[in-house]
1. Please work out whether segment 80-129 counts as rounded, prolate or oblate from its C-alpha gyration tensor, where a ≥ b ≥ c are the square roots of the eigenvalues and a/c under 1.5 means rounded, while otherwise a/b larger than b/c means prolate and anything else oblate?
2. Residue 140: accessible area at probe 1.4 Å, nearest 10 Å²?
3. Write down the accessible area per residue of segment 83-148 in Å², having rolled a 1.4 Å probe over the full set of protein chains.
4. So, with a 1.4 angstrom probe, what is the percent of accessible area on segment 86-174 that is carbon and sulfur?
5. Expected output is a single nm value to one decimal: the length gained when fully extending between residue 151 and residue 51, i.e. 0.36 nm times separation in residues minus the C-alpha distance. What is it?
6. Might you work out the accessible area of residue 110 for me, using a 1.4 Å probe with all protein chains in place, and round it to the nearest 10 Å²?
Amino acid sequence: VATLHTRQTQPPLSLSPIWREIHKSHFSPTDRVFVRVQAITRLGENDPSLRELCLRRNMWSFVKKRTDRINDIPTVARVLKQNTVLQQLDLSRNKVGDEGACWLAEALQVNTTLQQLNISRNNIGVEGTRWLAIALEINTSLQQLDIAGNRFGPEGSRFLASALKTNTSLQQLN
């Protein structure tokens, strides 16, 4: 299990798989951003101890005002392209949307180690699902995909069904 120190005054924080610790009240929003940035950096550095990462409800940060938000999904997708260690990633409840799904789909087309991905409850619509389906046709490592609670409807379901005809690695789709 990898640990990070959020600041000198904070205790070590487990990244794998108990990332939810960041949501405890003793972490300020600034600390959460700091720890998240460290995790994404380690992901980009191919840290061999970082095999599972849970960033549930964590990719959107409020900076200064509630209207100034930072979205790290494109950054996560970029580093995921080169990562050869991470096997499980939980990005659920992050307001990924269609644009974020497109970023993730691009990463899934080249990543060969990720086995489990949770992108449930992310406001992904038909367009985002179409991009994810294209990635599933190419990806050979993903075994579990949780895409429940999104808004892609019957049309998005057809894209996924079509992708499953060619995908041989996916064993569980929720």
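The values are calculated or read from the model by the stated rules, or taken from the named source; none is laboratory data. All figures in this text were calculated on a predicted structure; none of them were measured in a lab. These area figures cover heavy atoms from the full protein model, side chains too; ligands, DNA and RNA do not enter into them. Shrake-Rupley method; radii C 1.70, N 1.55, O 1.52, S 1.80 Å.
1. The shape class here is oblate.
2. Its heavy atoms expose roughly 110 Å² to the probe.
3. 37
4. Here it works out to 46 percent.
5. 33.1 nm
6. We get 80 Å² for residue 110.
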